[in-house]
Amino acid sequence: MNRFIIKTLIVSVLCVTIGHLLPFFSDMAHQPIWFLTITFYVLLTILLRTWVAKSQKGSAIKFSTAVIGTTTAKMLLTLVIITTYLVSQLPNRELFVFGVFGVFVAFSVLFVIDVQRLIKGG
């Protein structure tokens, strides 16, 4: 689990760094909401990975349900985050939406790679 937390923190640092390095995104990358969004994804990914790891010790259907449940939860929460930001009329709406999608993809790839490792190891 500690390895996964370290990998998750590395992905979060990459998300923040890439946001600051892209000239067209730097205004959004300096907003507190951007840091809160990435922090939310870090915590969510760790929490959902813990659920999947615990379910691995159970039946195959519990494991499958956990994996599908984590995917569903992440997609719905991403939709809530994006919708809330768009409705609130905050600046840089388009940048935020594309940025959140990028963060979602980055943490989803990390999650899928780790779940595959769990399956092969278990």
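Any read-out appearing in this document is the output of simple, stated calculations on the displayed coordinates, not a laboratory observation. What you are looking at is a predicted structure, and each value in this text was computed from that prediction instead of being measured. A quick note on method: Cβ atoms are made from the backbone with ideal geometry, for glycine too, and the neighbour counts reach across all protein chains shown.
Residues in the stretch 93-109 that are surrounded by fewer than 18 Cβ atoms within 10 Å (Cβ to Cβ) and in contact with a helix residue (DSSP H, G or I) (Cβ under 6 Å, 6 or more places away or on another chain) were compared, and the one that is farthest from residue 47 (Cα to Cα) is 93.
Residues in the stretch 19-66 that are exposed (fewer than 12 other Cβ atoms within 10 Å of the Cβ) and assigned to a loop (DSSP other than H, G, I, E, B): 23, 24, 30, 57, 58, 59. Cβ separations smaller than 9 Å between residues 6+ apart or across chains give the following pairs from the stretch 35-57 residues that are touching a residue at least 24 places away in the same chain (Cβ under 8 Å) and under 24 Å from residue 18 (Cβ atoms) to residues that are of a type in the set (Lys, Arg) and in a helix (DSSP H, G or I): 41/74; 44/74; 45/74; 48/74.
Take the conditions part of a helix (DSSP H, G or I) and exposed (fewer than 12 other Cβ atoms within 10 Å of the Cβ) and apply them to residue 80. Does it pass?
yes
Comparison of 10, 18, 38 shows that the only residue that is under 16 Å from residue 105 (Cβ atoms) and touching a Ser or Thr at 6+ places or on another chain (Cβ under 7 Å) is 38. In the condition set (1) surrounded by 14 or more Cβ atoms within 10 Å (Cβ to Cβ); (2) farther than 21 Å from residue 114 by Cβ, residue 71 is compliant with all but (2).
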